[in-house]
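Undergrad: Can you keep this structure in mind? I'll have questions shortly.
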Amino acid sequence: MSSSTRAVLVAAAGVLTAVALVVLLLLMAGGGQVEVRLGDDEFNAGHVERLAGAVERDGPILFPDASPARARDVYLQHLGATPEEGWIAMAAQAPGAGRECVLRWDPATRTFSDPCGDAEFPEDGEGLPRYPTRIEEGRLFVDLRAEQAP
């Protein structure tokens, strides 16, 4: 058998194996045996001490949504006495506002204002959708799957 014939046979076997694997995965996913998940369930915002220092120095931290939908920009606010307490994750737009209407933080009045309307929100984000937060091993996690109504 010539080397070119051998190369064609090896390539064909590779393609057939890949197709068989794809078909197998599709069958398993369709049968409920495989859970398809893209990305993490929770957003790991970082170390609470570093984040708390940044909020104290510069105000709430805006995290633009990096998902394909680009629909959940979030502000992280810290109002606790220690870095481990008092975290609030809230929507960065007023309810019903588009993504281009990211709230603006005013450090003088300690309020968020809507640039596309005249709504204002207090520093704790009352009136904005929120997301649950938790701290594990000194890191802040935000559950973006569990939006809580304002």
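Undergrad: If you check residue 124 against the conditions, is it out of contact with any Asp or Glu (no Cβ under 9 Å at 6 or more places or on another chain), surrounded by fewer than 20 Cβ atoms within 10 Å (Cβ to Cβ) and within 27 Å of residue 47 (Cα to Cα)?
TA: The answer is yes for residue 124.
Undergrad: So, one more: Would you point out which residue out of 119, 97, 92, 146 is surrounded by 14 or more Cβ atoms within 10 Å (Cβ to Cβ) and in contact with a strand residue (DSSP E or B) (Cβ under 7 Å, 6 or more places away or on another chain)?
TA: Exactly one of 119, 97, 92, 146 is surrounded by 14 or more Cβ atoms within 10 Å (Cβ to Cβ) and in contact with a strand residue (DSSP E or B) (Cβ under 7 Å, 6 or more places away or on another chain), namely 92.
Undergrad: Take the residues in region 105-150 that are under 20 Å from the mean Cα position of the chain (by Cα) and basic (Lys, Arg); name whichever of them is farthest from residue 71 (Cα to Cα).
TA: Looking at the filtered set, the residue picked out is 139.
Undergrad: Next question. For region 134-146, give me each residue that is without any contact (Cβ under 8 Å) to a residue 24 or more places away in the chain and either in contact with a His (Cβ under 9 Å, 6 or more places away or on another chain) or in a loop (DSSP other than H, G, I, E, B) (or both).
TA: Listed by number, the residues that qualify are 137, 146.
Values quoted throughout were computed directly from the atomic coordinates according to the rules given, and no laboratory measurement underlies them. Bear in mind the structure is a predicted one, so any value in this text is a computation, not a measurement. Note that each Cβ is placed from the backbone with ideal geometry, even for glycine, and that neighbours are counted across all protein chains shown.
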